[in-house]
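Data block below; observations after.
The values are calculated or read from the model by the stated rules, or taken from the named source; none is laboratory data. In this text, all values refer to a predicted model and were calculated from it rather than measured experimentally. Here the Cβ positions follow ideal geometry from the backbone for every residue, glycine too, while neighbour counts run over all protein chains shown. Note: areas computed on protein heavy atoms with side chains; ligands, DNA, RNA excluded. Shrake-Rupley method; radii C 1.70, N 1.55, O 1.52, S 1.80 Å.
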Amino acid sequence: MMKKTKGFARFTLILTLMFMLGSSSVLADVSKQPSLKEIYKDYFDLGVAVNNRTLVTHAEIIKHHFNSITAENEMKPEALQRTARNFDFSSADRMVEFAQENGMKVRGHTLVWHAQTRDWFWRDGRNQLIYEKDEITAEDRALVQRRLEDHIEGVMSHFGDAVYAWDVVNEAVSDGGTIHRPDSPWYMILGDEFMKIAFRKAHEVNPNIILFYNDYNSDHGYKRGRTLQMLQELLDEGVPIHGMGLQGHWSVDGLTIAEIERSIRMYADLGLEIHITEMDVGMTGFTEEEQAERYRQLFEMFKRNSDVITSVTLWGVSDDASWRGDENPLLFGRDHQPKPAFWAIVDTDKPWYVNKAEYTKAAVLKDSTGQAVGELMPGTFNLADLDFDLAEVTALELEKGHLISFYAEENAQGDAVHFVSTKDFDGAAVAAQTKSLVVRAVQADNIALNKPADANFLADRAGRAVDGEPVSSWAPNAEPPYWISIDLEGTYLLSRWAVRLQGTSVLAGQVEESPLNAADFALQVSLDGENWQDVDVVEGNIKSVYDKDLNLVEARYVRLYVTKPTSLDHNQRLGVHELEIYGTPLAD
Ligand code: XIL
């Protein structure tokens, strides 16, 4: 009896430990994350490529964030029909089962491809590769066509409606000058007929299924024209193609969003439904934040085109499970945690770090031993209601782009002091003098835009420096010093400023550096428009865009004060194309 109890106790202890480990590492975390499939449910399905491994190791992320899966390799010809007439559906069936248990759709990838297909498909009765033969006979063609049709029949009839869409043909268009990829055995043996055979057979086997042509770089000008032409010709002949799959193996740089969007509209204009089928955004040479911005812009564009885009699939769950692993192209990192790219697409109208702070925390408050004593979400709090003692706090860690303001009175009333991250915070003093606090994001907009501007020369043209129009400028050419001032029409806490100088103009060649850029200048701030204080003093500048963070300074008016308009002694012409001020309103 005793023994039994002991054994049972140990067993429950192990279970509890397992549960705790599970919950702290993956389970609890994932379930707290905003669900991407929920966020995008009114726009399009959100899919992910899975494989035998990630279906187990990344199951929680897959279930929480996605409502569609694609087998990364397990439904390709080499996986399903390694040798003739020996279909093996075991891995693929597990995926379909997983999807059905979790209410997800399955996109099939892919029936006909030149790659990941065993070459028995293309061998004749004497085991010779047909596409290498000098003369391909009608008999050879009939044999290969039958195998192609048998494969489609075998696979599609096995899955039935469980796989709702298929990439019937993958990557048939050439990267060179012709329409068809010349090195595809299907093309070499059957000519362009192979596309018609494939789509017609697929439609015949199961008319319920949406049939896609899928390819990479189809959004690039070099490949788009011939892809459109090929599809148009097939559609004109009545070949049942319902959708265009854009693989979407992108990078942080490369095509502009406008170019990708234009391509999407061109395929949609053929009457095709659009799926982004294999999305990833390689970040080699860029930061995670730059990758996040690219993801944000792409998803913003997808939403704009959700009348034609019905599905977006990421090609892998996290960077440790990506075919482009070195380029860290996915939404989740090697630790399976959300990257800035994930937070960027949570709400494409906000910076990634604002989304992150709103779902996790915006501030961590630490004591002198480095221990976190409190965490705060964005919002307003009275000190009396905090579940920790502010007097113990000696360091503040704010999420990027956030600040914390302490107010003399409750409910954010009265005088305030403001902080970003600091290891030098006197919690005891602040606690003694204040009654409430606000944690918030620094506003990311340019608050100088279209505000009233004045200047000591060419005052009537001062507005050109704040019109948001990079071409127009305020350009005095007289006796320095020159100044231009802006009334922000309210009190702001300034966090950054930028000035676009002469070198940014088209005439100056839009260079990064130039001696014609203002050399010596200062940014000044004022609360009354009369008493000015320097907040940034610059000497010997040659950069065309000067862009600098500011140490949270309060201002109603800002002034750019230029003492040396160029680096050349004889040239007194200043060119200010845009003066930008970033800050958070304090009046609320
Ligand atoms: C890739 C898989 O991700 C890899 O695991 C595999 O080794 C090669 O194929 N275009 C496609 C996908 O259509 O099938 C490819 O998937 C990536 C490029």
Filter result (polar (S, T, N, Q), touching a strand residue (DSSP E or B) at 6+ places or on another chain (Cβ under 6 Å) and not in a loop (DSSP other than H, G, I, E, B)) within region 217-259:
T227, S251
So R464 clears everything in (1) modelled with pLDDT of 95 or more; (2) over 30 Å from Y482 (Cα atoms); (3) open to solvent by 30 Å² or more (accessible area, probe 1.4 Å) except one condition, right? Which one?
(2)
Which residues, counting only those in region 552-569, are in contact (Cβ under 8 Å) with a residue 40 or more places away in the chain, more than 21 Å from A465 (Cβ to Cβ) and open to solvent by 70 Å² or more (accessible area, probe 1.4 Å)?
E554
Filter result (part of a strand (DSSP E or B) and within 16 Å of the ligand (Cβ to nearest atom)) within region 294-324:
S311, V312, T313, L314, S318
Run down F66, F87 and say which single residue is at pLDDT 95 or above, away from the ligand (no atom under 16 Å from the Cβ), of a type in the set (A, V, I, L, M, F, W, C) and open to solvent by 50 Å² or more (accessible area, probe 1.4 Å).
F87
For region 151-185, which positions are hydrophobic (A, V, I, L, M, F, W, C), under 22 Å from G225 (Cα atoms) and within 16 Å of the ligand (Cβ to nearest atom)?
V168, V169, A172, V173
For region 53-63, give me the residue count where each residue is of a type in the set (K, R) and within 16 Å of the ligand (Cβ to nearest atom).
1
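Results for (1) assigned by TED's automatic domain parsing to the domain that holds Q371; (2) modelled with pLDDT of 95 or more; (3) hydrophobic (A, V, I, L, M, F, W, C); (4) over 26 Å from Q572 (Cβ atoms), shown as yes or no for each residue.
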| position | (1), (2), (3), (4) |
| --- | --- |
| G414 | yes, no, no, yes |
| D424 | yes, no, no, yes |
| V430 | yes, yes, yes, yes |
| L458 | no, yes, yes, no |
| G468 | no, yes, no, yes |
| V471 | no, no, yes, no |
| P480 | no, yes, no, no |
| L493 | no, no, yes, yes |
Quick one: is R118 over 12 Å from A202 (Cα atoms), open to solvent by 30 Å² or more (accessible area, probe 1.4 Å), within 16 Å of the ligand (Cβ to nearest atom) and more than 29 Å from the chain's Cα centre (by Cα)?
yes
Please find, among G103, G108, G47, the residue that is at positive phi, touching a residue at least 24 places away in the same chain (Cβ under 8 Å) and of a type outside the set (S, T, Y).
G103
Considering only residues of region 230-248 that are of a type outside the set (D, E) and open to solvent by 40 Å² or more (accessible area, probe 1.4 Å), which is farthest from the ligand (Cβ to nearest atom)?
G238
Answer from Q510, Q533, Q572 - the residue that is open to solvent by less than 70 Å² (accessible area, probe 1.4 Å) and not acidic (D, E)
Q572
Yes or no: T380 open to solvent by 30 Å² or more (accessible area, probe 1.4 Å), free of Cβ contacts under 8 Å to residues at least 12 places away in the same chain and not small (G, A, S)?
no
